[in-house]
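Here is the structure we will look at, set down as structure tokens.
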Amino acid sequence: PIDLKTFPLVRAALMKVADETYYFIGSVPHMISDGRSAVLFLESLSIAYNDGYQGLKDAYDATKKGWSDFYQDERNQLDTDQHARSKKHWQQRLAGANHYFDYSYGRKTAGKDDKEGHRVYFDIPAELALALKAHTGKNKTTLFNVMVCAFGIFIHRYFSLTDILIGFPISIRPPGYKHLFGFFVNIVPIRVDLSGNPSYQELLARVSESRKEDKRHQKFPALDIVSAVRENVPDFNGQLFNLSMAQTVSRLFN
């Protein structure tokens, strides 16, 4: 485990397992690294391996924008009117929502609160993938919205919930910062409303419409969303999103 109070946060080890066989292991906490940063890390490692420190110095332009520039750019682009509109949007969107639900579902053991997740890999047959794409075109929506509906129905049938919040990661890395190592990700809530026992078509219409509205405000920081909700719900504990879809699904289908 990584102690976030102890530096360095990026750790690495090189292990020799045979005369000409080595394993390189790296560990980086997600709170300081996104998908693009992982690519940058591997690119830097490759350059350092082939060309050494001088190669790294030659590869990276010190005049490129850094974190202080990003902070200043964000402040310069801050639209206070848009910020206020986004705050109001999320307060209305999340009003009365069930902000937290324990999805452990029978995995707890005596004296132990087991929240460890698991990953399941499977392939979608080509015929089903083509049918899904045709389905999204027919309904004038996105494949991501279809997957959100399916996921919402799945959770509804397991837990009998009709009001579901899903945490969804989006990239907020500006074009001019592709070279910068860091965490350029915001977490956006998706609210799936299954009240009134809607048909699948009705649910898809609800999700598609709400996602269309939410996308206008998805760069509003997650911590600001939490603060905005807390204004209306003083005892709100900050656990805004009660489960997350796999990030691979997010990247593939959005």
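The values are calculated or read from the model by the stated rules, or taken from the named source; none is laboratory data. A quick note: this is a predicted structure, and the numbers were derived from the prediction, not measured. Counting neighbours? That spans all protein chains shown, and the Cβs are built from the backbone with ideal geometry, glycine included. Areas reflect the complete protein model, heavy atoms only, side chains present, ligands, DNA and RNA absent. Shrake-Rupley method; radii C 1.70, N 1.55, O 1.52, S 1.80 Å.
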Of those in the stretch 160-172 that are open to solvent by less than 40 Å² (accessible area, probe 1.4 Å) and not acidic (Asp, Glu), the residue nearest to the chain's Cα centre (by Cα) is Pro169
In the stretch 183-204, anything touching a residue at least 40 places away in the same chain (Cβ under 8 Å) and open to solvent by 10 Å² or more (accessible area, probe 1.4 Å) is listed as Phe183, Val185, Ile187, Arg191, Leu194, Tyr200, Gln201
Exception for Arg85 within (1) under 25 Å from the mean Cα position of the chain (by Cα); (2) open to solvent by less than 50 Å² (accessible area, probe 1.4 Å) falls at (2)
Q) Is it the case that the stretch 66-74 has a residue that's surrounded by 14 or more Cβ atoms within 10 Å (Cβ to Cβ) and in a loop (DSSP other than H, G, I, E, B)? A) no
> Has the stretch 124-144 got at least one residue that is at pLDDT below 90 and either among the hydrophobic types (A, V, I, L, M, F, W, C) or farther than 22 Å from Ala228 by Cα (or both)?
Replying inline: yes
Checked pairs for the stretch 1-20, first assigned to a loop (DSSP other than H, G, I, E, B), second open to solvent by 90 Å² or more (accessible area, probe 1.4 Å) and not hydroxyl-bearing (Ser, Thr, Tyr), C-beta under 9 Å and 6 or more apart or across chains, list as Ile2/Arg11; Leu4/Met31; Leu9/Met31
If we ask which residues in the stretch 21-32 are open to solvent by less than 100 Å² (accessible area, probe 1.4 Å) and part of a helix (DSSP H, G or I), their number turns out to be 2
Counting only residues in the stretch 189-234 that are farther than 21 Å from Gln82 by Cβ and hydrophobic (A, V, I, L, M, F, W, C), the one modelled with the lowest pLDDT is identified as Val233
Just to be sure before I move on: is Arg119 open to solvent by 90 Å² or more (accessible area, probe 1.4 Å) and basic (Lys, Arg) in the structure I sent? yes
If you go through Asp3, Asp51, Asp19, the only one that is acidic (Asp, Glu) and at pLDDT below 90 is Asp3
Inside the stretch 201-212, the number of residues satisfying the requirement of being of a type in the set (Asp, Glu) and closer than 17 Å to Asn186 by Cα is 0
The number of residues in the stretch 33-65 that are outside any helix (DSSP H, G or I), under 25 Å from the mean Cα position of the chain (by Cα) and free of Cβ contacts under 8 Å to residues at least 24 places away in the same chain is 0
Scanning the stretch 35-59 for residues that are of a type in the set (Ser, Thr, Tyr) and exposed (fewer than 14 other Cβ atoms within 10 Å of the Cβ) gives Ser46, Tyr49, Tyr53
